[in-house]
Every structure is written in structure tokens, then in C-alpha cells.
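First up is the structure itself, then whatever we jot down about it.
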Amino acid sequence: MEPTLLHQFPGLSKLPHVSLGAFPTPLERLDGLSTRWSTEVYVKREDVSGVPYGGNKVRKLEFLLGAARRIGATRLISIGGVGSNHLVATAIYGESLGIPTSAVWVRQPLTAKVKTNIRAFGATGVSGVLCSYPTVPLHVSLLVARSRLSGERPYFVPAGGSSPLATVGWVSAVFELRAQLAALGLADPERIYAPLGSGGTIAGLALGVAFAGMDSEVVGVRVVSRLLANDATVRRLARACAAILARRDPTLPPIPPVRRDQLRVVNGYLGRGYGHPTDAAIAAVREAREVDNLQLETTYTGKALAGMRDDLSQRPARRPVLFWNTFSSVDLSARLKSATLDSLPADVRALLDEPTVADWS
Ligand SMILES: Cc1ncc(COP(=O)(O)O)c(C=O)c1O
């Protein structure tokens, strides 16, 4: 289906795009958390954004894979942790278009969900290399060069799928939300909470709020190092995305810059580092499951929900608030049954035999 933004501004339909997901994603009230937190809490069910795989990467991939197809790409090359949801999404949707994926992986704490994603790489035939963080650019260059030498046309998908073009998908998500709120007769949420990783989700949401003129503050709970994601990196990405939109359709109404009161980054929930479960995240995952049957995890959504809970107790909201659930809830077990793991390098396969880091979630 055509993204709401492209439908509303047909001049933007020149942007590269391929339909992958199931949009609009449902908007629901969370009865349990609303009662517990004495605040009207809604959830945007990005967890069911696609049939083969959900989560927040699908909107980005619609544009990234649109661009890949436009150049006739025959291989996708991307990077991420060994449990990267972004890499799983890229591999699954790339496969659906007949484009295989190669990955440059870095280690991260081996929780049960991380191990599931390693098996998912095997099931989708992802090949690649495991390396240390500082050598990632070198290994990407090597994979690109090797792919070209073997006659392929590689397309590089950036970390977390965050690029100015991919961010258009998240601007569109705000227009989608606005249409749903209008249909239900609901006011703009006072705040929209989501995890802040590579930044495309929060940048697109903030730009969308500014462009659509919504009366909402976007709150990104940072789950990666401050060097990688912060207020400045998010605003830069939002500006670059706005420039793409304005360039593609000069008849577009002017896009205002994201105001101070439209974007806030919440720090203090990362813990020991990316992917390390924190007590607060574990507690939030449990609470969400117990009271609203929300299936979260501890790397992104658990940390984000913990940040949201504390933020609401420190600054009570007067209007409803929204949690954007960015983690896929699609069951991969059928896909995993056929997993041979043959495509994976031996050191990635060996990670499955290492002890699992408990997150009790
Ligand atoms: C479940 C989940 N939530 C949130 C994020 C972060 O989104 P972004 O990278 O756009 O900041 C990711 C990124 O990998 C993710 O997998």
C-alpha cells in the first residue's frame, strides 16, 4: 500500500519505494498500563507492520529497497549486532525481492532473542563476517569489492536502516497516525515515546510532527552510546530528510524545522551498553506482558518503556500518550525449522553454543 505521505503529496511518488508492509499499523488503548500509570496510554502496533516480519524497519526498507531495485541491485550489504533486528528485516524483505544479503556483524550480549536472530540469519541464507567494531568499515569495503568483482551490483544499507531517504517512511508514519486519530475522534497524543537507536525512527517522527503541525512531543529513549545518537544527530537526520522531500517535490508546503518542544532525548536507560539487559528494562518487559500482553525485549523496547514510565511519573501528562512498539511480534518458528545455518561463518554459528545471557524477559 502507498504510504500516507505519498498519497497526500503525489509529487513525492517519484521517490524510490516498494510496498512491503501491512499499513496502517493498529492503534490501540493499553488498558492495563493506563490504569497502573493513571494516564491514558495508547500503543501503535508497529510489531505487526509486515507479514513475514514486523517492527520499525519495514517502513525504512520500503524506501531503501525501492532505491536498491532502482539501481538493479543484486546484493544487499549491511551491518549490525549479531542479534540485529534490522539485519533480520533486511534479509527477509531482501529475500522476498530476490536480493540476497551479506552482513558485517559485531558481537553483543547473547540473550535468547539474539540467538533467535542468529538462527533467522541462517534460515534466510545470510552470509558475512563477524568482526570488532573498529574494523567494520574495512569489512564493509571488502564485501562491497568482492561482490563487485564477482559481477554483482551491491547496495549498501546503513546501520539500523537509518538514512535521510529511509526516514521518509517515519515521516509518513506520523501522517498515518494523524489520519487514525482523526477517524477515532482522538486528540493528538501529548507525547510519543519510542527507542532511539540509529535515529531514523525518532528523526522521522519528529519531522513528521513538525510537518503535520501536530501538538505532540516526540521522546526518544536512547539505547545506544551517546556518541552515536543524541539530539544533534537526530536533528541532522531530520534536516537531511526534509531536504530530500523539498527537492523531490518543490510544490510541497514549507517544512518547518523541528522545534525544541517537539523533540526530547531521554538518557540514563542504556545501562552497561548496547544490548545489555538492565533491571529497569527487564521489569518493564514483564509489566507490559503481565498487564497488556505486549511482547517486548530488553535491547530497545524494554528500555524505552522503562524511560517512558519514569518520565510520566516525573512529568505527569495531561493528555493521552503513545508508545510506539517497534519490536516485531511475528513468530519466526516456522522459518527457523528450516534453518540449516550453512551460510553463516563458523564463528557466528559457534555463538549459539555460548552461554545465553539471561534477561528473564
Ligand atoms: C526493536 C527496535 N526498536 C527500535 C530500534 C531503533 O530504531 P532506530 O534505529 O530507527 O533508532 C531498533 C533498531 O534496530 C529496533 O530493532
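The values are calculated or read from the model by the stated rules, or taken from the named source; none is laboratory data. It should be emphasised that the depicted structure is a prediction, and the values quoted were computed from it without experimental measurement. Note: ideal-geometry Cβ built from the backbone for every residue, glycine included; neighbour counts use all protein chains shown. Note: accessible area is taken over every heavy atom of the protein model, side chains too, but ligands, DNA and RNA are not part of it. Shrake-Rupley method; radii C 1.70, N 1.55, O 1.52, S 1.80 Å.
Brief remarks on what is shown
- Among Leu177, Leu227, Leu76: highest mean-square fluctuation, GNM of the chain, C-alpha pairs under 10 Å: Leu227
- FRET efficiency estimate (nearest 0.05) - Cβ-Cβ, Arg148 to Leu227, R0 25 angstrom: 0.20
- Subtracting the Cα-Cα distance of Ser329 and Arg236 from 0.36 nm times their residue separation leaves 30.4 nm of extension gain.
- FRET efficiency, 1/(1 + (r/R0)^6) with R0 25 Å, evaluated for Asp279 and Arg315 via beta carbons: 0.65
- Pairs of lysines in the chain whose Cα atoms sit within less than 19 Å of one another amount to 9, provided the residues are eight or more positions apart or on different chains.
- The shape of region 289-346 comes out prolate: with a ≥ b ≥ c from the C-alpha gyration tensor, a/c is at least 1.5 and a/b beats b/c.
- Taking the three principal axes of the alpha carbon atoms in the chain, the coordinate ranges are 56, 50, 36 Å, sorted in descending order.
- Beta bridges per DSSP with both ends in the chain, % antiparallel, nearest 5: 10 percent
- For the chain, the share of accessible area belonging to carbon and sulfur comes to 55 percent (1.4 Å probe, ligands and nucleic acids excluded).
- Over the chain, dividing the summed -39,500 (n - 2.57) contributions of all DSSP H runs of at least 4 residues by the number of residues returns a 222 nm mean residue ellipticity of -13000 deg cm²/dmol.
- Amide H contacts for Leu30 (H built 1.01 Å from N in the peptide plane; partners 5 or more residues away or on another chain; cut-off under 5 Å): Val41, Tyr42, Val43.
- Separation between Cα centres of region 103-123 and region 229-292, rounded to whole Å: 24 Å
- Subtracting the Cα-Cα distance of Gln295 and Leu184 from 0.36 nm times their residue separation leaves 37.5 nm of extension gain.
- J(HN,Hα) series, region 292-307, from Karplus relation 6.51 cos²θ - 1.76 cosθ + 1.60, nearest Hz, glycine and proline x: 9, 6, 8, 9, 10, 9, 9, 7, 10, 6, x, 5, 5, 5, 4, x
- Placed amide H near Leu341: partners under 5 Å, 5+ positions off or other chain: Ala123
- Kirkwood-type radius of region 62-208, with distances r between different C-alpha atoms, in Å: 16.6 Å
- Amide H contacts under 5 Å for Leu76, placed H, 5+ residues apart: Thr101, Ser102, Tyr155
- Residue-count net charge about Asp31 - beta-carbon cut-off 12 Å; Lys, Arg +1, Asp, Glu -1: -1
- For the pair Met1 and Asp261 in one chain, pulling the backbone fully straight at 0.36 nm per residue adds 90.4 nm over the alpha carbon distance.
- Per residue, the chain exposes 40 Å² of solvent-accessible protein surface, assessed with a 1.4 angstrom probe and all protein chains in place.
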